[in-house]
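Novice: Could you have a look at this structure, given as structure tokens, before my questions?
The values are calculated or read from the model by the stated rules, or taken from the named source; none is laboratory data. No experiment lies behind these values; they were computed from the predicted model shown. Cβ coordinates were reconstructed from backbone atoms using ideal geometry, including for glycine residues, and neighbour counts include every protein chain displayed. To get the accessible areas, we keep the full protein, side chains included, count just its heavy atoms, and leave off ligands, DNA and RNA. Shrake-Rupley method; radii C 1.70, N 1.55, O 1.52, S 1.80 Å.
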Amino acid sequence: MTEAPPDSAASPLSEWRDGVAELAPAMIAAMPLALLYGAVAAGKGLSPFAVALSSGLVFAGGAQLAAIEMWTSPVPIAGIILSTVLINARYVLMAASLAPKVGHMPLWARLLGFHVLADENWALAERRAAARRLTLAYFLGAGAVFWVNWVFWSWLGAIVGPLIGDPRRFGADFAFTAIFIGLVAGFVTTRRHVAVVVASAAAATLVHQTFGSPWHVLAGAFAGMAMAVIVWRPEPETAA
Amino acid sequence: MTMDATTLLAILGMAIGTYACRLTGLMVGARLALTGRAKAALDAIPPAVLTAVIAPTLFATGWPETIAGAITILAAMRLPLLGVILTGVVSVVVLRALAG
């Protein structure tokens, strides 16, 4: 094994290993969610193949779990797609923010890499890009492992889920809530962010009780944006 | 391996909708360089949407979920993601058992 001197460009293998190591906690955290998703989806009549297909093609945990919650017979296709786009509208901004940092990569790598872009690896890629040049091995390499991880565990969940029974018994349904709390906490670095989160929570709860799903997602998003505009101050935002 | 047309249609619709979001961002890219209030509003979208998705579970399900949520929020201020998840799951199981 040849150790590269610290100043020279890192090898693709070490970049890939960096990416996988940094993503490892998120992959472990995604495991119960994927198992839960597969188990609940199987309970709603989806085959393990359909579950794996949805995880592979959609690859958006929050939207997938929301869709499975809404999954009834007959399937409310329009409502599910609307909810999916609302929940994933954030990817427009996340992708836009990351786009200039992957401009040096070939088009196929950008197209594939952005398909496997999720909250966790987006946050890591942004952090990485702030410190050094984002490499294909780090971004797409680790993203691919993240994708395989999600598809595999959700497929397994669809197989073992029906054998275990109600995932609520193990509090597995709340893992989804907890991971979102953890992700939100990662965004909240100033008091203004707290105001945004409180406004969103209040509006979403109210609208959920009056109009139901998926409108609470839209209401929370707009309330949070409105609050961000209200509490905005011109001085440069230097996080404490 | 049978899958009815409705299931396939829903999955494809979700896939196209999601990839469209990711691709739009990639294509618009640096041209979406915003400043001031507009940037603050757009920066608020990820935490606001994530919060909105879970708010009904936290505040409109039952007291075990609400208390477990409060404990999980406290945990999120100190622990890494995995610890946050464990705290949330354990507290909701205990509180639901107490609620009977």
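Novice: Can residue A:195 be described as touching a helix residue (DSSP H, G or I) at 6+ places or on another chain (Cβ under 8 Å) and closer than 30 Å to residue B:97 by Cα?
Specialist: In short, no.
Novice: If you don't mind, there's one more thing I want to ask. Taking residue A:126 and the conditions (1) surrounded by fewer than 17 Cβ atoms within 10 Å (Cβ to Cβ); (2) without any contact (Cβ under 8 Å) to a residue 24 or more places away in the chain, which numbered condition does it fall short on, given that it satisfies the others?
Specialist: (2)
Novice: Is there a residue in the stretch A:115-126 that is among the acidic types (Asp, Glu), farther than 30 Å from residue A:168 by Cβ and not assigned by TED's automatic domain parsing to the domain that holds residue A:213? Even if it seems obvious, please write down each step before you answer.
Specialist: Within the stretch A:115-126, the subset among the acidic types (Asp, Glu) is A:119-120, A:126.
Keeping just the survivors that are farther than 30 Å from residue A:168 by Cβ gives A:126.
Now restrict to residues that are not assigned by TED's automatic domain parsing to the domain that holds residue A:213: A:126.
Yes, that holds for at least one residue.
Novice: Taking the stretch B:67-100 as the region of interest, how many residues are surrounded by 19 or more Cβ atoms within 10 Å (Cβ to Cβ) and farther than 25 Å from residue A:120 by Cβ?
Specialist: 1
Novice: Also, I was wondering about something else. Of everything in the stretch A:182-208, what is of a type in the set (S, T, N, Q) and at pLDDT 95 or above? Give them in sequence order.
Specialist: Selection gives A:200, A:205.
Novice: I would also like to ask the following. For residues that are hydrophobic (A, V, I, L, M, F, W, C) and either surrounded by fewer than 19 Cβ atoms within 10 Å (Cβ to Cβ) or free of Cβ contacts under 8 Å to residues at least 60 places away in the same chain (or both), tally how many sit in the stretch A:152-167.
Specialist: Of the residues in the stretch A:152-167, 6 are hydrophobic (A, V, I, L, M, F, W, C) and either surrounded by fewer than 19 Cβ atoms within 10 Å (Cβ to Cβ) or free of Cβ contacts under 8 Å to residues at least 60 places away in the same chain (or both).
Novice: Can you tell me which of (1) within 27 Å of residue B:82 (Cβ to Cβ); (2) of a type in the set (A, V, I, L, M, F, W, C); (3) not in a helix (DSSP H, G or I) is the one residue A:105 doesn't meet?
Specialist: Tallying (1) within 27 Å of residue B:82 (Cβ to Cβ); (2) of a type in the set (A, V, I, L, M, F, W, C); (3) not in a helix (DSSP H, G or I), residue A:105 fails exactly one: (1).
Novice: How many residues does the stretch A:75-101 hold that are in a helix (DSSP H, G or I), open to solvent by less than 50 Å² (accessible area, probe 1.4 Å) and more than 8 Å from chain B (Cβ to nearest Cβ)?
Specialist: 2
Novice: Check whether at least one residue in the stretch A:42-50 is more than 13 Å from chain B (Cβ to nearest Cβ) and out of contact with any helix residue (DSSP H, G or I) (no Cβ under 7 Å at 6 or more places or on another chain), and report yes or no. Even if it seems obvious, please write down each step before you answer.
Specialist: So in the stretch A:42-50, the residues more than 13 Å from chain B (Cβ to nearest Cβ) come out as A:43.
From what is left, the residues that are out of contact with any helix residue (DSSP H, G or I) (no Cβ under 7 Å at 6 or more places or on another chain) are none.
The answer is no; no qualifying residue exists.
Novice: Okay, next question. Which of the residues belonging to the stretch A:202-235 are within 20 Å of the chain's Cα centre (by Cα), free of Cβ contacts under 8 Å to residues at least 40 places away in the same chain and open to solvent by less than 20 Å² (accessible area, probe 1.4 Å)?
Specialist: A:204, A:216, A:220, A:224 - these are the residues of the stretch A:202-235 that are within 20 Å of the chain's Cα centre (by Cα), free of Cβ contacts under 8 Å to residues at least 40 places away in the same chain and open to solvent by less than 20 Å² (accessible area, probe 1.4 Å).
Novice: Look at residue A:183 and say whether it is away from chain B (no Cβ under 13 Å) and aliphatic (A, V, I, L, M).
Specialist: No: the conditions fail for residue A:183.
Novice: A further question on this structure: Would you check if there is a residue in the stretch B:45-54 being aliphatic (A, V, I, L, M) and either more than 8 Å from chain A (Cβ to nearest Cβ) or more than 22 Å from residue A:26 (Cα to Cα) (or both)?
Specialist: No, there is no match, as no residue in the stretch B:45-54 is aliphatic (A, V, I, L, M) and either more than 8 Å from chain A (Cβ to nearest Cβ) or more than 22 Å from residue A:26 (Cα to Cα) (or both).
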